[in-house]
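Asks: So that we are looking at the same thing, I have put the structure below in structure tokens.
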Amino acid sequence: MMGYLLDSGATVLCAHGGQAQAASPNPRVKAGGQPITTQPTPHTISGCPFMTGTNPMPCVTATWTSASMRVKAGGQPVLMMDSQATCAPNGTPVNITVTQVRVKAQ
């Protein structure tokens, strides 16, 4: 499936609304003027309000489980708008709501 590349300026949220940012985007490849992100790069999550009872249990990182099958940057699969990730420690998915809309991959 074709999908837009995920860049470092994309809006990625945990299931509880915390903001996720790429820990180290690929600085050599840009889309829409922003560095793109690759699969091994985790996203760090801040501002997750999730609580279990009265104890905070926020999402901390998101690990990507799917990426482009054909396009790589620096030898790593690039992330796309439809890529999937799992948040730790809660195991919830992420929601990619906004990314650049000029470059697609498969």
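Throughout, read-outs are computed from the coordinates displayed, never taken from laboratory work. Being a predicted model, the structure only gives us computed values, none of them experimental. Reconstructed Cβ throughout: ideal geometry from the backbone, glycine too, with neighbour counts over all protein chains shown.
Asks: Out of all the residues in segment 1-40, which are buried (at least 18 other Cβ atoms within 10 Å of the Cβ) and either among the aromatic types (Phe, Trp, Tyr) or not in a strand (DSSP E or B) (or both)?
Replies: Selection gives Tyr4, Leu6, Ser8, Ala10, Gly18, Pro25, Thr37, Gln39.
Asks: Select from segment 41-65 the residues that are in a strand (DSSP E or B) and of a type in the set (A, V, I, L, M, F, W, C) and write down the one among them that is farthest from the chain's Cα centre (by Cα).
Replies: Only one residue fits best here, namely Met51.
Asks: To continue, here is another question. Yes or no: segment 65-73 includes at least one residue that is in contact (Cβ under 8 Å) with a residue 12 or more places away in the chain and closer than 15 Å to Ala10 by Cα.
Replies: So far as segment 65-73 goes, no, none of its residues is in contact (Cβ under 8 Å) with a residue 12 or more places away in the chain and closer than 15 Å to Ala10 by Cα.
Asks: Quick check on my filter: what residues within segment 86-97 are part of a strand (DSSP E or B), free of Cβ contacts under 8 Å to residues at least 60 places away in the same chain and either crowded, with 21+ Cβ neighbours inside 10 Å or not aliphatic (A, V, I, L, M) (or both)?
Replies: Thr86
Asks: Criterion first (surrounded by fewer than 18 Cβ atoms within 10 Å (Cβ to Cβ), under 19 Å from Gln84 (Cα atoms) and without any contact (Cβ under 8 Å) to a residue 40 or more places away in the chain) does Thr44 satisfy it?
Replies: Against the criterion (surrounded by fewer than 18 Cβ atoms within 10 Å (Cβ to Cβ), under 19 Å from Gln84 (Cα atoms) and without any contact (Cβ under 8 Å) to a residue 40 or more places away in the chain), Thr44 qualifies.
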